[in-house]
2 protein chains.
Amino acid sequence: MRIEIICTGDEVLTGATVNTNFSHISQKLGDAGLEVRWGTTVGDDRETLLQAFRLAAERVDAVIVNGGLGPTVDDLSQEVAAQAAGVELVFSEEWFAKMAELFRRRSRMMPPSNRKQAMLPAGAELLDNPIGTACGFALDIGKARFYFTPGVPRELHRMLEDQIIPRLLARSGRQTASFLKRFHSYGIGESRADTLLAGVEALVPDGSLKLGFRAHYPQLETKLAMRGADLEDIRRKLAPVESEVRKRLGNFIVAEDDQKLEGVILDELARRQATLALVETFTGGAVAARIAPLPGAEKVFRRGVVARDPAEVCDALDLDAALAARELNLETAQVVACAARQQAGVTHALAVLIALDEGDDRMELGGTICLAIATAQEVATRRSRIVGGREWVRLGAVEMALDCLRRYLQGLPVDERIDFEKV
Amino acid sequence: MRIEIICTGDEVLTGATVNTNFSHISQKLGDAGLEVRWGTTVGDDRETLLQAFRLAAERVDAVIVNGGLGPTVDDLSQEVAAQAAGVELVFSEEWFAKMAELFRRRSRMMPPSNRKQAMLPAGAELLDNPIGTACGFALDIGKARFYFTPGVPRELHRMLEDQIIPRLLARSGRQTASFLKRFHSYGIGESRADTLLAGVEALVPDGSLKLGFRAHYPQLETKLAMRGADLEDIRRKLAPVESEVRKRLGNFIVAEDDQKLEGVILDELARRQATLALVETFTGGAVAARIAPLPGAEKVFRRGVVARDPAEVCDALDLDAALAARELNLETAQVVACAARQQAGVTHALAVLIALDEGDDRMELGGTICLAIATAQEVATRRSRIVGGREWVRLGAVEMALDCLRRYLQGLPVDERIDFEKV
């Protein structure tokens, strides 16, 4: 089945808004084993919209149109859809009643302009939007089935998942249930992950498993897109694959599905009723900013010290200033972490100290990172070097610090070699 | 002049990469007064690429093609361009020599596969890429002029600015020089800014000024896109408009052009040889993370304390724990800022204390923000309330804290009402 996505709206066409709706739709379809062939972007212009609809109606089997279902005059999707299909716009009592109910629940008056949102092309199949006033609908234009969706991301996401993907899967004759299993890893690049997972797709012989990656430095997302008769069938086929992926990516997996690295750390600490203190230099509070605002962090995260100058760190922790004068090494990180633990009266302290190279920002600029995790019993340390400019070093150091803490709490080696460091 | 942008590549079509190149090109063209009419996205597929080129060749006057100029087999742009134009691919001695020179300068061997990047359609006009191996080129296909650009963002940006926009302006018969003046503001929404700036475009009677906005919460960018005979002409026409915008947006302007709010703060502090300490609760280090990593911050930013629990803040600053037990108010923020200033021995201290509403995250969840800025002479304070969920409150509080510090340093009122707060 050939699929096209048409994104409408001046905001998107002029680049004022980065088109994340397109990538979201395309990814979700890909995860369900459906392949997008064309992407088209047009503005709020009657003539180009009509041309775009007619072109898509000839060259593909299914079209997802995003945007243009709002109440204002520049929202043209219903009107142009009706024109392209050669039908009239008719008033949907059903959708108007739903909108009225939505406004009632929110204790607001419905403005007269919203009536326009209940005007749908004759013969359109309604696609429910339980969280907004824009009515989705499906309609045949030429040889293709068109699915019209709202531009508001959360409304689009829900309609796509609940209403459109099942319909597309049914039309394509594919097995209709689909599920996406995700692993988040830190420390291995996409090509190494690809090598490590060679042959994994073949573990499901019926071809219903698709392996994919999404790299967003410093993390990598590994995706297992699975189709099956129903969720039970999928779970059964997926279980051995999940175990195999966990075995092969091993210690590098930081979280799964909707979990995040910082959430995993918080859970590990909360589970053992532990408390945390942080010390940061060049990362400048970015490690704390990942953990401190989380729900429940108020019970675990006690205190962070942020400074650029090591002398300030020593002063804040009542340490001898002579320590700061020395070249950065693991012993310094160790002493700092122990002092932070004692001063804050916590079970765990993490110190992230960085010596940044001198000079202007450039691709070759690097930083030496000294990490220490102190508990009452011991201190674990990790030294590393990351090269690639100021921001690359900063992002890499934040992730490495969090990952070391995760590894420590999970009883894994904190100094396992990663792909992004220089040795 | 009708313009189309064609983005190529499986990464973009499948949504694995969010298409920021498209929005960049479209914005830059818009800033130069050039309007994009169509956007097309296709994968690394010979047949659809050819269809896309042929379609664009009929319906617009100029086409920017992005991607597909690399050395690997799935980079098809030159080949399909030649096919669409009905010409042969020819080896460019000129580009091959440039590539060889680039590799020599980087002390690396050129892999044999790079030879492919010097194969250009016969008759193509070369577009220089001084920072990469992908050769840009321009070529007539059908009725349109096609401009082929590399997918690597920084190479694209440079080629677009230096090579393509001047050519498009010349072809369109427009005045060829263009300039974009930008103002960054905090505290006013787009519709209020639009009202405040009513009539500004008319200050340049020849119609060569275009006003635009780009909202990215919590900041708003106001853009003045100006065309003229040359930069001198533009500067002359723009000067009175700039003054007028500065007057109308007034205290809300936090920075101009490439400046950032945090950079403005750092400059103000460095200029008076001042030093800074920070105290943060729910923002969890995010205020420090904006300032601390900046070049030069090591001389100004001394120390930050991050904690979720007010009792921890008091403990870290040797304050009476009874203070933390009271409901959050401005007096607490005042005492905390003064203590932080004295403890760190700095000229300026900023305390950002937040009481977040109880309960699960939801749109109605808000936070009460108490800010204080302490110097040796005085303490300035600001109380506010932001509603819209955890992340919205956090982002809003970070920006408000930084903006209050900017206002204080610039001698402006720190408690001017903003559009995003509840009163």
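The values are calculated or read from the model by the stated rules, or taken from the named source; none is laboratory data. The structure presented is a predicted model; accordingly, all values stated were derived computationally and were not measured. In this analysis, Cβ positions are derived from the backbone assuming ideal geometry, glycine residues included, and neighbour counts consider all displayed protein chains. Please note that ligands, DNA and RNA were not included when accessible areas were found on the heavy atoms of the full protein model with its side chains. Shrake-Rupley method; radii C 1.70, N 1.55, O 1.52, S 1.80 Å.
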Per residue, how big is the convex hull of the stretch A:111-227 when only Cα atoms are used? Give it in Å³. 153
C-alpha center-to-center spacing [the stretch B:328-404, the stretch A:344-370] in angstrom: 27
Would you mind computing the Rg to Rh ratio of the stretch A:47-125 from its alpha-carbon coordinates, Kirkwood style for Rh? 1.03
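How much accessible area per residue does chain A have, in Å², with a 1.4 Å probe?
42
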With a 1.4 Å probe and ligands and nucleic acids left out, the total accessible area lost when A pairs with B, in Å² to the nearest 100, equals 4300
Surrounding charge for B:GLY30, neighbours by C-beta under 11 angstrom, Lys/Arg +1, Asp/Glu -1, total +1
Have a look at A:SER92, A:SER178, A:SER107 and tell me which one the Gaussian network model of chain A (Cα, springs below 10 Å) gives the largest fluctuation. A:SER107
What is the set of long-range amide H partners of B:PHE213 at a cut-off below 5 Å, with H atoms built 1.01 Å from backbone N? B:LYS223
I want to verify a result. In a Gaussian network model of chain B, Cα cutoff 10 Å, which of these has the top mean-square fluctuation: B:GLU242, B:GLU358, B:GLU161? B:GLU358
Rg from C-alpha atoms of the stretch A:40-175, normalised by the globular rule of thumb 2.2 N^0.38 Å, equals 1.03
Tally up the carbon and sulfur contribution to the accessible surface of chain B as a whole percent, 1.4 Å probe, everything protein left in place. 50
Size-normalised alpha-carbon gyration radius of the stretch A:122-180, reference 2.2 N^0.38 Å: 1.15
What residues qualify as long-range amide H neighbours of A:VAL65, i.e. H under 5 Å apart, gap of 5 or more or another chain, H built at 1.01 Å from N? A:ILE6, A:TYR147, A:PHE148, A:THR149
To the nearest 20 debye, the stretch A:80-138 has a Cα-centred charge dipole, built from +1 on Lys and Arg Cβ and -1 on Asp and Glu Cβ, of 440
For the stretch B:294-315, state which residues have at least 50 Å² less accessible area in the presence of all protein chains than in their chain by itself, taking the probe as 1.4 Å and leaving out ligands, DNA and RNA. B:GLU298, B:ARG302, B:ARG303, B:VAL306, B:ARG308, B:GLU312
Anything over 20 Å Cα to Cα? Flag those among A:LYS260/B:LYS422; B:LYS181/B:LYS210; A:LYS247/A:LYS422, in the order listed. A:LYS260/B:LYS422; A:LYS247/A:LYS422
Please report, in debye to the nearest 20, how large the charge dipole of the stretch A:334-423 is about its Cα centre when each Lys and Arg carries +1 at its beta carbon and each Asp and Glu carries -1 there. 300
Along the stretch B:346-361, Karplus-curve 3J(HN,Hα) (6.51, -1.76, 1.60; θ = phi - 60°) to the nearest Hz, with x for Gly and Pro, reads 10, 7, 10, 10, 10, 10, 10, 10, 10, 9, 8, 4, 6, x, 5, 5
What does the charge count near A:GLU79 come to, summing +1 for each Lys or Arg and -1 for each Asp or Glu among other residues with Cβ under 13 Å from its Cβ? -4
Check B:ASN129: other-chain or 5+ apart residues with amide H under 5 Å from its amide H, H built from backbone geometry? B:GLY136
Angle between the Cα long axis of helix A:46-59 and the longest principal axis of chain A, 0 to 90 degrees, nearest 10? 90
Quarter of Cα convex hull surface for the stretch A:291-423, i.e. mean projection, nm²: 8.6
If the stretch A:240-339 were replaced by its equivalent ellipsoid, with semi-axes equal to the square roots of 5 times the Cα gyration tensor eigenvalues, what would those be, largest first, whole Å? 32, 17, 12
Excluding A:GLU94 itself, what net charge comes from residues whose Cβ is under 13 Å from its Cβ, given Lys and Arg +1 and Asp and Glu -1? -3
Name the residue farthest towards the positive end of the dipole of chain B from the options B:VAL204, B:PRO218, B:LEU405, assuming +1 on Cβ of Lys and Arg, -1 on Cβ of Asp and Glu, about the Cα centre. B:VAL204
Partner aspartates and glutamates for A:LYS116 [C-alpha distance under 19 Å; skip if fewer than 8 residues away on the same chain]: A:ASP44, A:ASP45, A:ASP74, A:ASP75, A:GLU79, A:GLU88, A:GLU93, A:GLU94, A:GLU101, A:GLU125, A:ASP128, A:GLU155
Residue by residue, what Karplus-based ³J(HN,Hα) values in Hz, rounded to whole numbers, does the stretch B:227-244 have, using 6.51, -1.76 and 1.60 with θ = phi - 60° and x for Gly and Pro? 10, x, 5, 8, 5, 5, 4, 5, 4, 4, 6, 7, 3, x, 5, 4, 4, 5
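How much of the pair distance distribution for chain B lies past 30 Å, counting alpha-carbon pairs only, in percent?
Working: 50374 of 89253 pairs.
The answer is 56 percent, as a whole percent.
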If the viscosity is 1.567 mPa s and the temperature 4 °C, what Stokes-Einstein diffusion coefficient in µm²/s follows for the stretch A:6-97 when Rh is the Kirkwood radius over Cα pairs? 90
Starting with the highest mean, order B:390-397, B:20-27, A:119-126, B:359-366 by the number of other Cβ atoms within 10 Å, averaged over the residues of each peptide. B:20-27, B:390-397, A:119-126, B:359-366
Protection proxy ranking of A:292-302, A:319-329 - average other beta-carbon atoms within 10 Å, highest first: A:292-302, A:319-329
Which of the peptides A:304-312, A:283-291, B:264-272 is most tightly packed, and how do the rest follow, going by the mean number of other Cβ atoms within 10 Å of each residue? A:283-291, A:304-312, B:264-272
In whole Hz, with x marking every Gly and Pro, tabulate ³J(HN,Hα) for the stretch B:150-163 from phi via Karplus 6.51 cos²θ - 1.76 cosθ + 1.60, θ = phi - 60°. x, x, 5, x, 5, 6, 4, 4, 5, 5, 4, 5, 7, 10
Per residue of chain B, what 222 nm ellipticity follows from adding -39500 (n - 2.57) for every DSSP H run with n ≥ 4, rounded to the nearest 500? -11000 deg cm²/dmol
Which of B:GLU262, B:GLU79, B:GLU378 fluctuates most in a GNM of chain B (C-alpha springs under 10 Å)? That residue is B:GLU378
Rounded to the nearest whole Å³, what is the per residue volume of the convex hull around the Cα atoms of the protein assembly as shown? 186
May I ask for log10 I(q)/I(0) of the stretch B:345-408 at q = 0.15, 0.18, 0.20, 0.22 Å⁻¹, from a Debye sum over the Cα atoms as equal point scatterers with solvent left out? -0.48, -0.63, -0.73, -0.83
